[in-house]
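Heads up, the thing below is written out as structure tokens.
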Amino acid sequence: MVIQRVIIVRHGERVDDVDSTWVAHTREAGGKTYDPPLTDRGLKQAHLTALRLRKDLLGEGTVARGKVILLCSPFTRCLQTATAISQELDVPINVETGLSEGLMERWFQAQPEFNSFDAFKVEPSYTSVLAPQWPEDYTSMPIRYQRTMRALLDKFASNTSTTTTSTSTGNNNSNTTSSDEIVLILVTHGYGIQNLTFVLAPDADITSSPYCSVSSFTRVPNDSTNSNSTNTNSSTIASSTNSSTIASSTSNTSSTEPTKTKPTHTHTTITTQHYHNNAIT
């Protein structure tokens, strides 16, 4: 198999980001304060994002449903976001623990537990490529995300080295794909967006992403590459993904710069497309 596209989606708006009482009430009730669900607005964001993905991937009948592989962090907010995508694309959710939130001591007091995914359309036979271990820090967390991305690429495909990245805003025309393409959709967290992206487009300067932001990467097989597609300089990439275009507030921000390990494939082009549903009321 050859992966032609990797689509990375951040979860929708989380309830503890807008309700200052949620954590205290959940703690009093004996719930998991580290696993907040989506707000009603976040559910709307997820739904509209799923509709956009369906239009992009299935609107013209260009990708068979069996060619779309949906992978998701085990946290509830990601599973709820992935559920909307799963319903629109008619594909199961593969729970990938390597896509989990960063397990920092400031957010977790112990290894998080996930008892059951019965409420979601989860593929029971899927085995995660990586299981993060608490506690993580700003060195180990980026490395874990990057290892997860590389492991997923190895798991699902090979013979790919060149990337065309699409990060779009608003109602731009979709980039349709051919019938023999395999598409990976990853639903993850804010830091996941940054570090998974780094494996695919190491020169992209994405410091944070809004809720339900979508970044789409098209990978070109080795046997179809040419000099025009591979000779892309870093200045072009930097001008296409500056902070005014991509950056947005995230609940897990820090002034500490995560460690990044350069991948072996660095030939990348980026167009200024990035879409999200952050303005939903």
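The values are calculated or read from the model by the stated rules, or taken from the named source; none is laboratory data. Computed from a prediction, not measured in an experiment: that's the story for all the values here. Cβ placement follows ideal geometry from the backbone for every residue including glycine, while neighbour counts extend to all protein chains displayed. The protein model used for the area step is the full one, side chains on, heavy atoms only, and it has no ligands, DNA or RNA in it. Shrake-Rupley method; radii C 1.70, N 1.55, O 1.52, S 1.80 Å.
A few comments on the model shown:
- Residues within segment 1-25 that are farther than 21 Å from GLY102 by Cα and touching an Asp or Glu at 6+ places or on another chain (Cβ under 9 Å), tallied: 5
- Any hit, segment 172-194, residues being acidic (Asp, Glu), assigned to a loop (DSSP other than H, G, I, E, B) and modelled with pLDDT under 90: yes
- Any hit, segment 195-207, residues being under 17 Å from GLN45 (Cα atoms), open to solvent by less than 10 Å² (accessible area, probe 1.4 Å) and within 11 Å of the chain's Cα centre (by Cα): no
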